[in-house]
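Take a look at the structure set out below.
The values are calculated or read from the model by the stated rules, or taken from the named source; none is laboratory data. Just so you know, these numbers come straight off a predicted model, no measurement behind them. Methodologically, a virtual Cβ is constructed for each residue, glycine included, from the backbone with ideal geometry; neighbour enumeration extends over all protein chains shown.
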Amino acid sequence: MKNFIQNKPFWALFGTQLFGSFNDNFFRSAFVTLITFHLVGTSETAISLFVSAGFGLFMFPAFLFSPLAGQLADRFDKSLIIRWVKISEVLIVTLSAYGFVYKDPYLLLATIFFMGVHTAFFSPVKYSILPDILPEEKVLSGNGYIEAGIFLAIMLGTLGGAVMIHLEISPFLLSFLLILVALLGLVCSWLIPPIPSRAPDLKIRASWTGEVKRLFRYTQREERVYRAIIAISWFWLVGTVLLSQLPSFIKDVIRVEENVFIFLLLLFTLGVGIGSLLCNWVFETKITTKHVPLLALLMAILLFDIANFGSPLSETPLSLFSFLRSFQGLRLTADIFVLSFVGGLFIVPLYAFIQTHVLPSKRSQVIAFNNIINAGFMVFASFASFCLLSLNVSIPTLIFLTAFGQVAVAIYVIRILPDSVLRYFLLKYLRFLFRFKA
């Protein structure tokens, strides 16, 4: 543990990631709050279009640039790429200052797109670099800290951006904070030592479709890696459905006050963070996937229970204190926390598995392919939710359908288990079966 704490390259990467994720979420939260509540003379339709466009413009670069980003990360020094990405972040948030000061939604939308490009190029590097700066037995811990940092940054950034706009804090101060955080990330990136290229002879391919097909074929040959990618992507789909529908679920379905939503959102973030941090202890520092199907099934059970909340908890909206005093309130609180905690235990070993089970020369490219699939699942979740809700499908029913999908994923990822583990469970089952018949 002492050696891990003293690993300066890792903590430099952690700081770079933490500040970058904070800025991403702070900026987008401030944008949504500004558009929704503080842009005078904007119709509800225009607000919805701006918010939807912001989501799309942030996600689109993950589709467009991830194949190129993965190749660059394998071809060149990863620390150099990180520094250039962080320099671009400083320039992007400086541009956003004009948009916040003059409340220009179109400039802010353009800035969101550039932030999406920044994230698309940073994401493959931040995961693929971990095995380069950590010994294999510490990769699981490293992923746990990174994931916990991501969700901490999401929580602080989302709340901070919304609060600063809601309290009408000076846009100059808001812009100063964005630039300061970007500069802190840049300073951290300069502390990451040079990382030798893993594929110095790699020829950069400009064809998007050709590169995606090539990576698809490669991961198909590595079946367990492909199934890990699908499992990770499904986790983000579930998160997208839950977090996007949680405000309406709180307000219109169980009918409690707004502070209950904030409490459950913080609880969800805290649960994922704690689950991520405890992975190393739970799995005893071993990178293993043998618990993944069971964790997926447990998540499905919790989703089914959340879907059972289909009516108001009281005739009048409950305060946070009254909510926590009720049995149903405690039950929903436990469901949300345990679901997020199990989610942290579920996703961290999968990232570590991919990092350690692909060739080092293809690691960044496979992670970039994973990012494309993740983005596709999240966009599908948003589109499917919109279509189903437009057909008057209730939010509890939507969560119920997601739980059914989670069961299917639990069955699908059984093949991620090593053959030795599958044989072990099969033998156990056969022995039980023959004893029962005897």
- Note on the structure: Of the conditions (1) among the hydrophobic types (A, V, I, L, M, F, W, C); (2) under 20 Å from residue 147 (Cα atoms); (3) in a helix (DSSP H, G or I), the single one that residue 294 does not satisfy is (2)
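Yes/no matrix, rows are residues, columns are (1) free of Cβ contacts under 8 Å to residues at least 60 places away in the same chain; (2) aliphatic (A, V, I, L, M); (3) part of a helix (DSSP H, G or I):
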residue: 302; (1), (2), (3): yes, yes, yes
residue: 343; (1), (2), (3): no, no, yes
residue: 353; (1), (2), (3): no, no, yes
residue: 356; (1), (2), (3): no, no, yes
residue: 367; (1), (2), (3): no, yes, yes
- Message: Going by what's in this entry, would residue 54 be described as in the same structural domain as residue 25 (by TED's automatic domain parsing) and closer than 12 Å to residue 123 by Cα?
- Response: no
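For the structure I just gave you, tell me whether residue 145 is in the same structural domain as residue 68 (by TED's automatic domain parsing), over 25 Å from residue 61 (Cα atoms) and either crowded, with 17+ Cβ neighbours inside 10 Å or out of contact with any helix residue (DSSP H, G or I) (no Cβ under 7 Å at 6 or more places or on another chain) (or both). Spell out how you get there, then give the answer.
Details: in the same structural domain as residue 68 (by TED's automatic domain parsing): yes; over 25 Å from residue 61 (Cα atoms): yes; either crowded, with 17+ Cβ neighbours inside 10 Å or out of contact with any helix residue (DSSP H, G or I) (no Cβ under 7 Å at 6 or more places or on another chain) (or both): yes.
Considered against the rule, which asks whether it is in the same structural domain as residue 68 (by TED's automatic domain parsing), over 25 Å from residue 61 (Cα atoms) and either crowded, with 17+ Cβ neighbours inside 10 Å or out of contact with any helix residue (DSSP H, G or I) (no Cβ under 7 Å at 6 or more places or on another chain) (or both), residue 145 comes out as yes.
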- Run down 287, 232 and say which single residue is under 13 Å from the mean Cα position of the chain (by Cα), among the β-branched types (Val, Ile, Thr), farther than 19 Å from residue 335 by Cα and buried (at least 16 other Cβ atoms within 10 Å of the Cβ). 232
- Among helices (runs of 4 or more DSSP H) completely within segment 211-285, the ones holding 3 or more residues that are closer than 15 Å to residue 155 by Cα are 223-248, 258-277
- Assess whether residue 170 counts as being without any contact (Cβ under 8 Å) to a residue 24 or more places away in the chain, within 26 Å of residue 24 (Cα to Cα) and of a type outside the set (A, V, I, L, M). yes
- Query: Under the condition of being in contact with a Gly (Cβ under 9 Å, 6 or more places away or on another chain), in a helix (DSSP H, G or I) and buried (at least 19 other Cβ atoms within 10 Å of the Cβ), which residue from segment 304-336 is modelled with the highest pLDDT?
  - Reply: 336
- Task: Look through segment 101-118, keep the residues that are surrounded by fewer than 23 Cβ atoms within 10 Å (Cβ to Cβ) and of a type in the set (Ser, Thr, Tyr), and return whichever of them is farthest from residue 20 (Cα to Cα).
- Result: 102
- Task: Residues being surrounded by 19 or more Cβ atoms within 10 Å (Cβ to Cβ) and over 20 Å from residue 15 (Cβ atoms): count how many of those fall in segment 176-201.
- Result: 1
- Item | Sole exception among (1) part of a helix (DSSP H, G or I); (2) among the small types (Gly, Ala, Ser); (3) in contact (Cβ under 8 Å) with a residue 24 or more places away in the chain for residue 206, by number | (1)
- Query: Given the conditions (1) closer than 25 Å to residue 410 by Cβ; (2) surrounded by 17 or more Cβ atoms within 10 Å (Cβ to Cβ); (3) within 18 Å of the chain's Cα centre (by Cα), which single one is not true for residue 219?
  - Reply: (3)
- Task: State whether the residues of segment 98-109 include one that is at positive phi and over 22 Å from the mean Cα position of the chain (by Cα).
- Result: yes
- Would you check if residue 248 is surrounded by fewer than 18 Cβ atoms within 10 Å (Cβ to Cβ) and in contact with a Lys or Arg (Cβ under 7 Å, 6 or more places away or on another chain)? no
- Pick from 60, 65, 121: which is surrounded by fewer than 18 Cβ atoms within 10 Å (Cβ to Cβ), closer than 22 Å to residue 233 by Cβ and either among the acidic types (Asp, Glu) or touching a residue at least 40 places away in the same chain (Cβ under 8 Å) (or both)? 60
